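**Q** Mind looking over this structure? Questions follow.
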Amino acid sequence: MPLPLGCMPAPASVPSTQASGPLSTDPSADRSVDLGRLGPDDLPTHVFELRNTTGRSIRITAVEKSCGCQSVGVREGDTIPAGGSLKVSYGLPNDRSGPVGGQLTIRTDAESDDVAAVRFSLSATMPRRVWAEPGTLRLSRGTAESATVVIRSDLPGVLERYTHVDTVRGHVTIDQSETVRRSDGSVEQITFEVHMSSAIPGGLVNDYLSVHFADERAPHIDILVQADGSAQKSTSSQSSSPIPAESAP
(Lines give C-alpha, C1' and ligand atoms only; values in the text may rest on other atoms or scores of the structure.)
Protein backbone atom coordinates (compact mmCIF):
# COMPACT_ATOMS: atom_id res chain seq x y z
CA MET A 1 0.00 0.00 0.00
CA PRO A 2 1.39 3.46 -0.79
CA LEU A 3 1.90 5.79 2.13
CA PRO A 4 -0.46 8.80 2.16
CA LEU A 5 1.34 12.07 1.54
CA GLY A 6 1.55 14.72 4.21
CA CYS A 7 1.33 14.30 7.96
CA MET A 8 -1.76 12.16 7.72
CA PRO A 9 -2.72 8.85 9.34
CA ALA A 10 -0.44 6.17 7.93
CA PRO A 11 -0.61 2.38 7.85
CA ALA A 12 1.23 0.51 10.58
CA SER A 13 3.88 -0.60 8.08
CA VAL A 14 4.85 0.07 4.49
CA PRO A 15 6.30 -2.49 2.07
CA SER A 16 10.02 -1.84 1.68
CA THR A 17 11.62 -1.26 -1.70
CA GLN A 18 15.30 -2.14 -2.00
CA ALA A 19 17.37 0.12 -4.21
CA SER A 20 19.11 -1.05 -7.35
CA GLY A 21 21.67 0.47 -9.66
CA PRO A 22 24.67 2.66 -8.87
CA LEU A 23 22.94 4.65 -6.10
CA SER A 24 21.80 2.42 -3.27
CA THR A 25 20.63 2.51 0.31
CA ASP A 26 22.60 0.99 3.12
CA PRO A 27 21.92 -2.77 2.80
CA SER A 28 21.13 -2.96 6.53
CA ALA A 29 18.23 -0.49 6.17
CA ASP A 30 15.04 -0.15 4.16
CA ARG A 31 13.71 2.79 2.24
CA SER A 32 10.45 2.37 4.13
CA VAL A 33 10.68 2.43 7.94
CA ASP A 34 7.96 2.11 10.55
CA LEU A 35 9.15 3.37 13.94
CA GLY A 36 6.21 1.71 15.69
CA ARG A 37 4.58 3.15 18.80
CA LEU A 38 6.63 5.98 20.30
CA GLY A 39 6.72 7.42 23.80
CA PRO A 40 5.65 10.98 24.68
CA ASP A 41 9.23 12.30 24.53
CA ASP A 42 10.33 10.36 21.44
CA LEU A 43 10.84 12.08 18.09
CA PRO A 44 9.62 10.41 14.88
CA THR A 45 12.98 10.69 13.12
CA HIS A 46 15.12 8.25 11.15
CA VAL A 47 18.47 8.50 9.38
CA PHE A 48 18.57 6.83 5.97
CA GLU A 49 21.77 6.38 3.98
CA LEU A 50 22.49 6.85 0.29
CA ARG A 51 25.58 5.13 -1.08
CA ASN A 52 27.16 6.11 -4.40
CA THR A 53 28.80 3.11 -6.08
CA THR A 54 29.67 4.95 -9.29
CA GLY A 55 32.98 6.43 -10.35
CA ARG A 56 31.75 10.04 -10.21
CA SER A 57 30.08 12.25 -7.65
CA ILE A 58 26.30 12.54 -7.73
CA ARG A 59 24.62 15.86 -6.97
CA ILE A 60 21.23 16.31 -5.28
CA THR A 61 19.08 18.50 -7.51
CA ALA A 62 15.90 18.63 -5.39
CA VAL A 63 14.57 17.59 -1.97
CA GLU A 64 10.80 17.07 -1.90
CA LYS A 65 8.88 16.54 1.35
CA SER A 66 5.26 15.44 1.46
CA CYS A 67 4.57 18.17 4.05
CA GLY A 68 6.31 21.43 4.88
CA CYS A 69 6.20 20.58 8.60
CA GLN A 70 8.72 17.75 8.12
CA SER A 71 12.47 18.14 8.60
CA VAL A 72 15.24 16.89 6.29
CA GLY A 73 18.97 16.93 6.98
CA VAL A 74 20.10 17.34 3.36
CA ARG A 75 19.45 20.02 0.75
CA GLU A 76 19.73 20.79 -2.92
CA GLY A 77 23.36 21.03 -3.99
CA ASP A 78 24.71 18.42 -1.57
CA THR A 79 26.84 15.78 -3.28
CA ILE A 80 27.62 12.13 -2.74
CA PRO A 81 31.27 11.49 -3.66
CA ALA A 82 32.23 8.57 -5.85
CA GLY A 83 32.27 5.47 -3.70
CA GLY A 84 30.97 7.46 -0.73
CA SER A 85 27.68 7.79 1.11
CA LEU A 86 25.36 10.46 2.46
CA LYS A 87 23.33 10.38 5.67
CA VAL A 88 19.74 11.53 5.12
CA SER A 89 17.89 12.40 8.32
CA TYR A 90 14.11 12.67 7.95
CA GLY A 91 11.73 13.72 10.72
CA LEU A 92 7.97 14.00 11.17
CA PRO A 93 6.37 16.52 13.55
CA ASN A 94 5.77 15.27 17.08
CA ASP A 95 2.67 17.38 17.75
CA ARG A 96 0.28 14.88 16.14
CA SER A 97 -1.66 12.03 17.74
CA GLY A 98 -1.99 8.45 16.54
CA PRO A 99 -0.55 7.14 13.23
CA VAL A 100 1.50 9.64 11.20
CA GLY A 101 3.54 9.22 8.04
CA GLY A 102 5.34 10.98 5.24
CA GLN A 103 7.34 10.50 2.07
CA LEU A 104 10.65 12.05 1.07
CA THR A 105 11.95 12.18 -2.50
CA ILE A 106 15.62 12.90 -3.26
CA ARG A 107 16.25 13.82 -6.90
CA THR A 108 19.76 13.59 -8.33
CA ASP A 109 21.65 14.30 -11.56
CA ALA A 110 22.24 10.60 -12.13
CA GLU A 111 21.64 9.53 -15.72
CA SER A 112 19.80 6.34 -14.84
CA ASP A 113 16.06 6.82 -14.29
CA ASP A 114 15.95 4.38 -11.40
CA VAL A 115 18.35 6.50 -9.33
CA ALA A 116 17.35 9.95 -10.56
CA ALA A 117 14.63 9.93 -7.89
CA VAL A 118 15.06 8.01 -4.63
CA ARG A 119 12.02 7.83 -2.34
CA PHE A 120 11.93 7.19 1.40
CA SER A 121 8.86 6.56 3.55
CA LEU A 122 8.61 7.00 7.32
CA SER A 123 5.71 6.18 9.64
CA ALA A 124 5.13 6.06 13.39
CA THR A 125 2.36 5.94 15.96
CA MET A 126 2.42 8.91 18.31
CA PRO A 127 0.84 8.98 21.79
CA ARG A 128 -2.71 10.28 21.88
CA ARG A 129 -2.62 13.63 23.63
CA VAL A 130 -6.14 14.00 24.96
CA TRP A 131 -9.27 12.20 23.83
CA ALA A 132 -12.85 11.68 24.94
CA GLU A 133 -14.84 8.47 25.35
CA PRO A 134 -17.23 8.61 23.59
CA GLY A 135 -16.00 11.12 21.02
CA THR A 136 -19.52 12.49 20.40
CA LEU A 137 -22.45 12.80 22.80
CA ARG A 138 -26.09 12.48 21.73
CA LEU A 139 -28.87 13.72 23.99
CA SER A 140 -32.62 13.61 23.47
CA ARG A 141 -35.34 15.30 25.47
CA GLY A 142 -37.39 12.80 27.46
CA THR A 143 -35.28 9.71 26.70
CA ALA A 144 -31.56 10.42 27.15
CA GLU A 145 -31.27 13.87 28.66
CA SER A 146 -27.86 13.19 30.21
CA ALA A 147 -24.69 11.31 29.31
CA THR A 148 -21.25 10.58 30.74
CA VAL A 149 -18.00 11.47 28.97
CA VAL A 150 -14.54 10.34 30.10
CA ILE A 151 -11.38 12.36 29.32
CA ARG A 152 -8.09 10.44 28.98
CA SER A 153 -4.52 11.18 27.88
CA ASP A 154 -1.38 9.24 26.99
CA LEU A 155 0.85 12.17 28.00
CA PRO A 156 1.94 12.24 31.66
CA GLY A 157 0.82 15.32 33.56
CA VAL A 158 -1.79 16.68 31.15
CA LEU A 159 -4.86 15.67 33.14
CA GLU A 160 -3.27 17.04 36.31
CA ARG A 161 -3.24 20.45 34.59
CA TYR A 162 -6.98 20.53 33.98
CA THR A 163 -8.33 24.06 34.60
CA HIS A 164 -12.01 24.21 33.59
CA VAL A 165 -14.72 23.03 31.22
CA ASP A 166 -17.41 25.10 29.53
CA THR A 167 -19.78 24.96 26.57
CA VAL A 168 -19.67 26.92 23.34
CA ARG A 169 -23.40 27.63 22.91
CA GLY A 170 -24.88 26.88 26.32
CA HIS A 171 -27.33 24.21 25.11
CA VAL A 172 -25.96 21.75 27.70
CA THR A 173 -24.70 21.95 31.28
CA ILE A 174 -21.90 20.02 32.96
CA ASP A 175 -21.22 18.42 36.34
CA GLN A 176 -17.77 17.06 37.08
CA SER A 177 -18.59 13.78 38.75
CA GLU A 178 -15.25 12.07 39.33
CA THR A 179 -11.49 12.29 38.99
CA VAL A 180 -9.89 8.83 39.02
CA ARG A 181 -6.27 8.52 40.13
CA ARG A 182 -3.75 5.73 39.70
CA SER A 183 -1.86 4.14 42.57
CA ASP A 184 1.00 6.64 42.07
CA GLY A 185 -1.37 9.59 42.45
CA SER A 186 -1.43 10.61 38.78
CA VAL A 187 -4.80 11.29 37.16
CA GLU A 188 -6.02 8.41 35.00
CA GLN A 189 -9.28 9.99 33.82
CA ILE A 190 -11.71 12.85 34.41
CA THR A 191 -15.44 12.14 34.13
CA PHE A 192 -18.15 14.68 33.34
CA GLU A 193 -21.92 14.33 33.46
CA VAL A 194 -23.53 16.30 30.63
CA HIS A 195 -27.19 17.39 30.77
CA MET A 196 -29.53 19.08 28.35
CA SER A 197 -30.26 22.65 29.35
CA SER A 198 -33.84 23.52 30.28
CA ALA A 199 -33.52 26.48 27.89
CA ILE A 200 -32.56 24.40 24.85
CA PRO A 201 -34.52 25.36 21.72
CA GLY A 202 -36.72 22.83 19.96
CA GLY A 203 -35.29 20.61 17.28
CA LEU A 204 -31.80 19.22 16.74
CA VAL A 205 -28.97 21.50 17.87
CA ASN A 206 -25.21 21.13 18.22
CA ASP A 207 -22.98 22.28 21.04
CA TYR A 208 -19.40 21.63 22.12
CA LEU A 209 -17.82 20.87 25.46
CA SER A 210 -14.46 22.62 25.66
CA VAL A 211 -12.16 21.05 28.27
CA HIS A 212 -9.10 23.20 29.02
CA PHE A 213 -5.63 22.35 30.36
CA ALA A 214 -2.70 24.56 31.38
CA ASP A 215 -0.42 22.49 29.16
CA GLU A 216 0.89 23.66 25.79
CA ARG A 217 1.01 20.05 24.56
CA ALA A 218 -2.79 19.87 24.79
CA PRO A 219 -4.39 23.24 25.59
CA HIS A 220 -7.94 22.00 25.11
CA ILE A 221 -10.21 19.37 23.59
CA ASP A 222 -13.62 20.06 22.03
CA ILE A 223 -16.32 17.40 22.17
CA LEU A 224 -19.38 17.54 19.90
CA VAL A 225 -22.76 17.28 21.62
CA GLN A 226 -25.84 16.67 19.48
CA ALA A 227 -29.06 17.40 21.37
CA ASP A 228 -32.68 16.99 20.28
CA GLY A 229 -34.95 19.32 22.21
CA SER A 230 -38.07 18.69 20.14
CA ALA A 231 -39.84 16.63 22.84
CA GLN A 232 -41.55 18.22 25.85
CA LYS A 233 -39.06 20.22 27.88
CA SER A 234 -38.14 19.20 31.39
CA THR A 235 -38.80 21.64 34.23
CA SER A 236 -35.45 20.90 35.85
CA SER A 237 -32.70 23.49 35.68
CA GLN A 238 -28.93 23.10 35.82
CA SER A 239 -26.13 25.61 36.34
CA SER A 240 -24.27 26.48 33.13
CA SER A 241 -21.20 28.03 34.74
CA PRO A 242 -17.76 26.60 33.93
CA ILE A 243 -16.56 23.79 36.22
CA PRO A 244 -13.14 24.88 37.59
CA ALA A 245 -10.32 22.54 38.51
CA GLU A 246 -10.73 23.30 42.21
CA SER A 247 -14.00 21.34 42.21
CA ALA A 248 -12.22 18.14 41.21
CA PRO A 249 -12.11 15.49 43.94
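**Q** Restricting attention to the stretch 116-145, report how many residues are surrounded by fewer than 21 Cβ atoms within 10 Å (Cβ to Cβ) and of a type outside the set (D, E, K, R).
**A** Final tally of qualifying residues: 13.
**Q** Something else about it: Identify, by number, the condition in (1) of a type outside the set (Lys, Arg); (2) surrounded by fewer than 14 Cβ atoms within 10 Å (Cβ to Cβ); (3) free of Cβ contacts under 8 Å to residues at least 40 places away in the same chain that SER112 doesn't meet.
**A** Of everything listed in (1) of a type outside the set (Lys, Arg); (2) surrounded by fewer than 14 Cβ atoms within 10 Å (Cβ to Cβ); (3) free of Cβ contacts under 8 Å to residues at least 40 places away in the same chain, SER112 misses just condition (3).
**Q** Sort out which residues of the stretch 177-189 are more than 22 Å from the chain's Cα centre (by Cα), open to solvent by less than 30 Å² (accessible area, probe 1.4 Å) and not small (Gly, Ala, Ser), and write them in order of number. Working first, answer last.
**A** So in the stretch 177-189, the residues more than 22 Å from the chain's Cα centre (by Cα) come out as 177-186.
Filter once more, so that each one left must be open to solvent by less than 30 Å² (accessible area, probe 1.4 Å): 179, 186.
Listed by number, the list holds a single entry, THR179.
**Q** What residue, among those in the stretch 63-103 that are hydroxyl-bearing (Ser, Thr, Tyr) and crowded, with 18+ Cβ neighbours inside 10 Å, is farthest from ILE221 (Cα to Cα)?
**A** This residue is TYR90.
**Q** Sort out which residues of the stretch 29-47 are free of Cβ contacts under 8 Å to residues at least 40 places away in the same chain and touching a strand residue (DSSP E or B) at 6+ places or on another chain (Cβ under 8 Å), and write them in order of number.
**A** ALA29 - this is the single residue of the stretch 29-47 that is free of Cβ contacts under 8 Å to residues at least 40 places away in the same chain and touching a strand residue (DSSP E or B) at 6+ places or on another chain (Cβ under 8 Å).
**Q** Quick one: would you say THR173 is within 27 Å of ASP228 (Cβ to Cβ), polar (S, T, N, Q) and crowded, with 19+ Cβ neighbours inside 10 Å?
**A** The answer is yes for THR173.
**Q** Identify the residue in the stretch 190-204 that is surrounded by 19 or more Cβ atoms within 10 Å (Cβ to Cβ) and within 30 Å of the chain's Cα centre (by Cα) and, among all such residues, is farthest from VAL168 (Cα to Cα). Even if it seems obvious, please write down each step before you answer.
**A** We begin by selecting, within the stretch 190-204, every residue surrounded by 19 or more Cβ atoms within 10 Å (Cβ to Cβ); these are 190, 192, 194-197, 200.
So of that shortlist, the ones also within 30 Å of the chain's Cα centre (by Cα) come out as 190, 192, 194-195.
Details: ILE190: 20, PHE192: 16, VAL194: 13, HIS195: 14 Å.
Residue satisfying both the conditions and the ranking: ILE190.
**Q** On to the next question. Is it true that THR148 is more than 30 Å from ARG51 (Cβ to Cβ) and surrounded by fewer than 17 Cβ atoms within 10 Å (Cβ to Cβ)?
**A** It is true that THR148 is more than 30 Å from ARG51 (Cβ to Cβ) and surrounded by fewer than 17 Cβ atoms within 10 Å (Cβ to Cβ).
**Q** Consider the stretch 118-176. How many of its residues are under 21 Å from the mean Cα position of the chain (by Cα) and either under 13 Å from VAL187 (Cβ atoms) or free of Cβ contacts under 8 Å to residues at least 12 places away in the same chain (or both)?
**A** Looking only at that region, the number is 14.
The values are calculated or read from the model by the stated rules, or taken from the named source; none is laboratory data. Small disclaimer: the values here were computed from a predicted structure and weren't measured. All Cβ positions, glycine included, derive from the backbone under ideal geometry; neighbour counts span all protein chains shown. Only protein heavy atoms, including side chains, enter the accessible area calculation; ligands, DNA and RNA are left aside. Shrake-Rupley method; radii C 1.70, N 1.55, O 1.52, S 1.80 Å.
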